[in-house]
Amino acid sequence: MAILPIYKYPHTILRQRAKKIHNIDKSIQKLVDDMMDTLQNSGGVGLAANQIGVLKRLIVIQLPEDEEPTAYINPEIIHREGKREVQEGCLSIPGYYGTITRSMWIKAKGMDRKSRIMKITAEGLLSQIIEHEIDHINGILYIDHLNSHEDLIKESSEIPASTS
């Protein structure tokens, strides 16, 4: 297992559509392990294979309350409903965030690392992460969802005063 470098915008691989995985062999198992290690080391909540330079339809997600990340192989959204405004950032665009529109909830499917079909209904942060990571493997970045580039905000090193 290894911690891999995360490709940063504007690297061209981030704009390429990833290829479907047809065989979950030892190389895919190693890729899953490496992506999980890389995600846990990064402090992020999701990682797509093309962010580490691999054009495979593979994402890993770890919610803050999860002990271990979950891998989704060949994930796709099969239904989405509602709209909500969310703030989003990305490991490939460090130091920035923006407000974009995501679904209220989604239904997605894919496979786990043992080739078992997974179906999930998600809302809140999990649905947002799944949409974000599936966008990645389709060559789409969250900045593509911004209304304008002025909506991209640079993170401040200053912590705002509490308003409570």
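Of note:
- Amide proton proximity set for GLY46, modelled H, under 5 Å, gap of 5+: GLN62
- Seen from ILE78, the other residues with C-beta closer than 11 Å to its C-beta sum to a net charge of +3, counting Lys and Arg as +1 and Asp and Glu as -1.
- Label-to-label distance, nm, for residues given as ILE78 and ILE153 (7 Å Cα→Cβ offset): 3.7
- 3J(HN,Hα) from dihedral phi, the stretch 139-148, Karplus parametrisation 6.51/-1.76/1.60, rounded to Hz, x for glycine, proline: x, 10, 10, 4, 5, 5, 8, 5, 5, 8
- Electrostatic tally near MET104: other residues with Cβ closer than 14 Å to its Cβ, Lys and Arg +1, Asp and Glu -1, net +1.
- Calculated FRET value between SER115 and GLU85, using beta carbons and R₀ = 41 Å, to 0.05: 0.65
- Using the Karplus relation 6.51 cos²θ - 1.76 cosθ + 1.60 with θ = phi - 60°, the per-residue 3J(HN,Hα) values for the stretch 26-34 come to 4, 5, 6, 4, 5, 4, 4, 4, 5 Hz, with x marking Gly and Pro.
- Net lengthening on full extension, ASP37/ILE3 (0.36 nm per residue, minus Cα-Cα): 11.7 nm
- Tensor-based shape of the stretch 46-99 (alpha-carbon gyration tensor, a/c under 1.5 rounded, otherwise prolate or oblate): rounded
- The 3J(HN,Hα) values that the Karplus relation (6.51, -1.76, 1.60; θ = phi - 60°) gives for the stretch 98-115 are, in residue order, x, 9, 9, 9, 10, 6, 5, 8, 9, 10, 9, 9, x, 10, 8, 6, 9, 6 Hz. Gly and Pro appear as x.
- Distance between the 7 Å Cα→Cβ label points at LEU63 and LYS20: 2.9 nm.
- For the chain, adding -39500 (n - 2.57) for each run of n ≥ 4 DSSP H residues and dividing by the number of residues yields -6000 deg cm²/dmol at 222 nm.
- Extension gain for LEU55 to LYS30 (0.36 nm times residue separation, less C-alpha to C-alpha distance): 7.5 nm.
- Here the contact order of the stretch 8-87, divided by its residue count and restricted to Cα pairs under 8 Å and six or more residues apart, works out to 27 percent.
- Pairs of lysines in the stretch 12-154 (C-alpha under 15 Å apart; 8 or more residues apart or interchain): 10
Every read-out reported here was derived from the displayed coordinates using simple, explicitly stated rules and does not represent laboratory data. Keep in mind that this is a model prediction, so the values were computed, not measured. As a convention, Cβ positions derive from the backbone with ideal geometry for all residues, glycine included, and neighbour counts pool all protein chains shown.
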